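Read through the structure below, which is laid out as structure tokens, and then see the notes.
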Amino acid sequence: MIALVANPTRAVYAALIATLAVGWALVAFDGGTFTLNDLVGIQQRSAALGIVAVGQTLAILAGSLDLSVAYLISLVSLVAAETMAGQSSNILTAVIVALGVSALVGLVNGVVITKLKVHAFIATLGVALVIRGVLDHLYDGPAGRVPVDFQQLGYARIGPIPVAAILWAAVAFGVWFLLRRTRFGHRVYAVGGDVEVARLSGVRTDRVVIAAHVLCSLCAGVAGLLLASRLGAGAPTVGTDGGYDLESIAAVVLGGTALAGGRGGVAGTVGGVLLLAVLDSVFNQLEVNSFFKDVVRGVVIVVAVAVYARRTGRRAS
Amino acid sequence: MKRAIPIFVVLAGLLVAIAAANPFFLEPAGFLAFLKRVAPLAILAAGQYFVIVSGEFDLSVGSLVTVEVVVAARLIDGDEAMTWPVLILLVVIGLLVGLVNGLVTTKLRVPSFITTLGAMLILSGAVFLWTGGAPRGALSQGFRVFGREGVWAVAILVVVVVAAVLLMRADFGRTLVAAGDNEKAARLSGVRVDRVRVFAFVLSGLSAAIAGILLGGFAGVSAQVGQSLEFQAITAVVLGGVVLGGGRGHVIAAIAGAFTLEALFTLLNLHGISGALEYAVQGVIIIAAVAVGGLRLPALRLSPSKA
């Protein structure tokens, strides 16, 4: 048990399994059933948050954070849906334009943080406000139309597995590979661990932070595309309604990644997102009040981080 | 205090620009209306300043303001006799939330970003669980007078500002800044770092309670009354040249940051840039202000204190 808790990634999966088991029992006791369909539903619902959180992991590991993802998701959903305009032939262009916009926002975030030396909190909050202003100025409500072909991304299944979940898995694997198997990944950990040490060891720290932000924004862009395909249109509130900014940071931290950067990884984040999703669907099954869900979610996040802090603190001392 | 000069220059410029566009602003009634509008944010900024200068964040103040207003409306429910007991209860709630935030952050060593993010979820969830999803009840006239009457709001603001300045001049202020600047050094020189940080969170909770009381009177009861106030308060503090991460900045400058932010909104409104683009302009200005402050910092750091 101690070995389980000592490693946050293992701890979060242990908590995940425990929550699944307890949830299953509670739902059964309540007279309901927890079927394979529910498990599939969990993956489907958590895919968007999962993709954003994987991107957020990169930013946080590099010692930064991104508060602009929620508005970026809304912006991307609108840009994609308007470019598609209901025509299947426009899908490729729309995806390229949407990801281009995302990459640009990430680039701005990264450059403002590294070159203008603005704290990431303020830089990404400022960029979020700029995107919000643009959204409010240009759109009153849903706009654009997503062709039926592209809606497959949000709803289709291959066997029992939703395409959205496969997309999430692919993004997570890609970022995991990047972090664990490439030079860039090692540099992200180095920069997040100690910027000065990394700089003195010859890492071009600015570039690493900028790249992490571009990738983080690209992930948010992919999530925006996914949500547009679900809605069948773009919507100026889809990102903020989901609370993807703070929720994704919470999921990353729940997965054992240190908010200060340099420690953690994608595997933990995936576990953190799944844990939040399982809690959510257990509460749905039990028809628990949604405000009560918020309370529990808040408690779970704080308690989890308190447990991680205890373990790492003891090892250090 | 040298760092704070730019914010006062900017604030003065904005005030002149507002007066030029709208002469009513120079009359006592016009200026009083402006002060009344600034008061809640200025008080929140003072509270947030204590937390930020000690090296932490408080993201829970927005939800806490909502909680205060919603609790007040439900408990008072139009009954004048309930006004004072509820006011006392609101202050106690603010102090308690701050205390819990502080204890969880220092004793359980949860980063304050996460502690207060959790508190934000818990507070807004709990209060609407209690009221069934939407605010209920009504505030009494005796309660609303604080936020509605300019004289009261300004008096409360002045008291808060004076108290904040006195606190920062006392031992507490010096140890708070020391804790934010270099925690280890502060600890080694005998500062009870955890204790001053907990106190900073308590002050932030108290400021949210006061801001909630003013906003309840000023803006009325709604579920959105505190929305995104935490970000506005942090923005105001940072505009005042206070550095995220702690250890640098003056409380008066943080409050001036709140005035600047509100003056900026007023000016944008006067020039017809309302609602939509207001956010975009706000975003650019925040980044620009911090960037300029950041570029200036290395020059200041050359002073002997760094060596």
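Where a number appears in this text, it was derived from the coordinates with a stated rule and is not lab data. This structure is a prediction, so every number in the text was calculated from the model and none was measured. Cβ atoms come from the backbone with ideal geometry, glycine included; neighbour counts cover every protein chain shown.
How would you classify region A:1-137 from its alpha-carbon gyration tensor, with a ≥ b ≥ c the square roots of the eigenvalues: rounded for a/c under 1.5, else prolate if a/b is greater than b/c, otherwise oblate? Oblate, since a/c reaches 1.5 and b/c is not below a/b. For peptide A:131-143, the mean count of partner chain Cβ atoms within 10 Å of a residue's Cβ comes to 3. Comparing B:Leu270, B:Leu89, B:Leu99 in a Gaussian network model of chain B where C-alpha atoms under 10 Å apart are linked, the largest mean-square fluctuation is found at B:Leu270.
Averaged over the residues of A:283-295, the number of partner chain Cβ atoms lying within 10 Å of the residue Cβ comes to 4. Please report how far the C-alpha centroid of region B:181-224 lies from that of region A:251-317, rounded to the nearest whole angstrom. Between the Cα centres of region B:181-224 and region A:251-317 lies a distance of 25 Å. Global dimensions of region A:119-228 from alpha-carbon coordinates: Rg and Dmax equal 18.3, 53 Å.
If only the Cβ of Lys and Arg carry +1 and only the Cβ of Asp and Glu carry -1, the dipole of region A:42-263 around its Cα centre is close to 720 debye.
Neighbours of B:Phe231 by Cβ distance under 13 Å: Lys/Arg scored +1, Asp/Glu scored -1, total -2. Calculated [222 nm] ellipticity per residue, helices only, for chain A: -25500 deg cm²/dmol; basis is -39500 (n - 2.57) per DSSP H run with n ≥ 4, divided by all residues, nearest 500.
When both region B:106-156 and region A:193-243 are represented by their alpha-carbon centers, they are found 32 Å apart. Whole-Hz Karplus values for region A:275-288 come out as 4, 4, 5, 5, 3, 4, 6, 5, 5, 4, 4, 7, 6, 7 Hz, taken residue by residue from phi with 6.51 cos²θ - 1.76 cosθ + 1.60 and θ = phi - 60°; glycine and proline positions read x.
Report the local net charge at B:Phe265: Lys and Arg +1, Asp and Glu -1, summed over other residues whose C-beta lies under 11 Å from its C-beta.
-1
When a/c is below 1.5 the answer is rounded, else prolate if a/b is larger than b/c, else oblate, so apply that to region B:61-217 with a ≥ b ≥ c taken from the square roots of the Cα gyration tensor eigenvalues. Oblate, since a/c reaches 1.5 and b/c is not below a/b. A simple count of charges around A:Gly234, restricted to other residues whose Cβ falls under 10 Å of its Cβ and scoring Lys, Arg +1 and Asp, Glu -1, yields 0. Reducing region A:80-159 and region B:1-34 to their Cα centroids gives an inter-centroid distance of 38 Å. Length gained on full extension, A:Gln151 to A:Phe184: 8.5 nm, using 0.36 nm per residue less the C-alpha separation. Based on DSSP H segments of at least four residues, each scored -39500 (n - 2.57), chain B has a per-residue ellipticity at 222 nm of -25500 deg cm²/dmol.
Translational diffusion of region A:177-317, estimated by Stokes-Einstein from the Kirkwood radius over alpha carbon pairs at 20 °C in a medium of 1.002 mPa s, is 124 µm² per second.
Given N residues in region B:15-121, what is Rg(Cα) / (2.2 N^0.38 Å)?
Its radius of gyration relative to the 2.2 N^0.38 Å reference: 1.39.
Largest mean-square fluctuation among B:Leu215, B:Leu166, B:Leu157, in a Gaussian network model of chain B whose springs join Cα atoms under 10 Å apart, belongs to B:Leu166.
Between A:Gly298, A:Gly268, A:Gly159, the residue with the greatest mean-square fluctuation in the GNM of chain A (Cα pairs under 10 Å linked by springs) is A:Gly159. Under 13 Å from a label point set 7 Å out along the Cα-to-Cβ vector of A:Arg311, the amide N atoms of region A:235-275 belong to A:254-258, A:264-265, A:268-269, A:272.
If you wrap the Cα atoms of chain B in a convex hull and average its projected area over all directions, you get 16.1 nm².
Counting, for every residue in A:303-311, the Cβ atoms of other protein chains within 10 Å of its Cβ and taking the mean gives 4.
Arranged from fewest to most other beta-carbon atoms within 10 Å of their beta carbon, B:Ile255, A:Ile158 become A:Ile158, B:Ile255. Just so you know, the Rg over Rh for the protein assembly as shown is 0.96, from Cα atoms, with Rh as the Kirkwood radius.
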